[in-house]
Ligand code: PRX
């Protein structure tokens, strides 16, 4: 099948978000509920029997859901939550692996006007605790295998009233506040009163890492659908006949915006694999499902490259017609490699949790410049600001801060309970994502790194602050500093510098113990891949640790005059 051949110029001419509103049949002021748009509306359009979700796990189990199944099962989750007293505006956490209940539960939560709070299921109890506490979450939907993490923190979470276990097998008794619910009881609810949310009603609360404080809850509203629908249609090029695979986990924003909302709102069939990464496993999945559009991430692409061209050749990849990538810099080698082995380039897309949808990208048919993120999506005004003056840079090639004019539909509306941090994201009426880039004379953006200390490991943001705080909870750690260290596959990994308390001696065993401690408390992503023992850490005169100095050493960069670093931290 051909790409939509409309040119970039045609797309931006007279662009208005009402294009998306019209296609969705939405009029300003009307009820707007993402849960309804992603299931009931598709059924009403005559696609009730079309496959919405094809799912498999590592045990070889397979499940298929039509749009009507998704509609009825999300109704039943919504009705069940209501029966527990959950109402509009309540936060309901989805804490599951990539199982069907996660995708369908997300819609069920939205249908009753509650706020969906997805959290990465590999989070440890501490990561889970700070996010549930901040959000004042009322209910959590989870699996047996994760319930012990919730039990551990329950006593400190008075707002958490219900723990809904979707795969309770009756073998072990449920404990305080726990209830069992299954979507496989054969009793899908035929009709549900959808809560009449409107454009500005809150929909999703995603937590993202901050540099200096606890993670921030990014509040989105139902109107985000307008951006998510159109960007998926134009950038991912999704069409009715597509079989789509988004490899992201809905614990993170790509997995919700483009792993649930956009594909379902467009009525396409999507495939989901709840299996750990393996190159051949992925190729086999593409061959088996006949995936046509594939949205993935640079770390995965680099891992595929490492597995070699021979692995690709063993499978039939001819169904693929469009490839996209997100989350971290997509190096030019990865684009050139994909052109060689799949005959298709990966199209980069740049955005973040706060933007809710793709901001800068290579639209299909646009010339891909390997290594560049592409141009601003139609309707998005993006530029780079001078790092010192905050004025827009006019000379091509000069690096500055990425800045976007506020006002697109899927923009976050707040950081939960953190007005101060929210305000800090704006300057001179520009929204600042916190990244650096240059723009060339054709308007293409070239990513040049983050403007803060946040570590992007394999496309996942990790806050050095969170890891440092957790390290201090280990009995042996006196002080720590956490920075990014270069890595061939993940681009960056977490490295910790640690000084030990008297009575503790540096050793390999202690290093492993500390690593494991962080893995369990926070997550495997946040676990330092290396711990370097130091007697003391470099500090400013006022006593703050100079992370940037440590980072510069890891990256073999010039440290220069350290006095200039003192105020940065
Ligand atoms: O630093 C940018 C990087 O990932 C950050 C956003 O992370 P998160 O909120 O977790 O959302 C990830 C998925 C949308 C950005 O501020 N990033 C994202 N896409 C790219 C990127 N860096 C370089 N190139 C990209 N295409």
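The values are calculated or read from the model by the stated rules, or taken from the named source; none is laboratory data. Computed from a predicted model, the values in this text were never measured in an experiment. Here Cβ is always computed from backbone atoms with ideal geometry, including for glycine, and neighbour counts include all displayed protein chains.
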ask   = For residue 260, are the conditions met, namely being on the phi < 0 side of the Ramachandran plot, at pLDDT 95 or above and within 16 Å of the ligand (Cβ to nearest atom)?
value = yes
inquiry  = So if I check each of 331, 316, which one is surrounded by fewer than 22 Cβ atoms within 10 Å (Cβ to Cβ), within 11 Å of the ligand (Cβ to nearest atom) and either within 17 Å of residue 286 (Cα to Cα) or in the same structural domain as residue 375 (by TED's automatic domain parsing) (or both)?
reply    = 331
task = Go through the range 436-470 and give me each residue that's in contact (Cβ under 8 Å) with a residue 40 or more places away in the chain, within 12 Å of the ligand (Cβ to nearest atom) and in a strand (DSSP E or B).
result = 436, 437, 445, 446, 447, 448, 456, 457, 460, 461, 462
ask   = Yes or no: residue 303 more than 29 Å from residue 34 (Cβ to Cβ), modelled with pLDDT of 95 or more, away from the ligand (no atom under 16 Å from the Cβ) and under 21 Å from the mean Cα position of the chain (by Cα)?
value = yes
inquiry  = Filter the range 85-142 down to the residues that are within 18 Å of the chain's Cα centre (by Cα) and in a loop (DSSP other than H, G, I, E, B) and list them by number.
reply    = 96, 97, 98, 99, 119, 120, 121, 122, 123, 124
query = Given the conditions (1) touching a strand residue (DSSP E or B) at 6+ places or on another chain (Cβ under 6 Å); (2) over 20 Å from residue 299 (Cβ atoms); (3) buried (at least 19 other Cβ atoms within 10 Å of the Cβ), which single one is not true for residue 479?
reply = (3)
inquiry  = Report every pair of residues separated by at least 6 positions or lying on different chains whose Cβ atoms are under 6 Å apart, first residue within the range 280-293 and surrounded by fewer than 19 Cβ atoms within 10 Å (Cβ to Cβ), second part of a helix (DSSP H, G or I).
reply    = 280/311
request  = Take the range 339-353 and flag every residue that is surrounded by fewer than 24 Cβ atoms within 10 Å (Cβ to Cβ) and either within 16 Å of the ligand (Cβ to nearest atom) or outside the structural domain of residue 286 (by TED's automatic domain parsing) (or both).
outcome  = 345, 352, 353
ask   = Is the range 367-379 home to any residue that is within 25 Å of residue 202 (Cα to Cα) and within 14 Å of the ligand (Cβ to nearest atom)?
value = yes
request  = Scan the range 210-224 and give yes if some residue there is touching a strand residue (DSSP E or B) at 6+ places or on another chain (Cβ under 7 Å) and more than 16 Å from the ligand (Cβ to nearest atom), otherwise no.
outcome  = yes
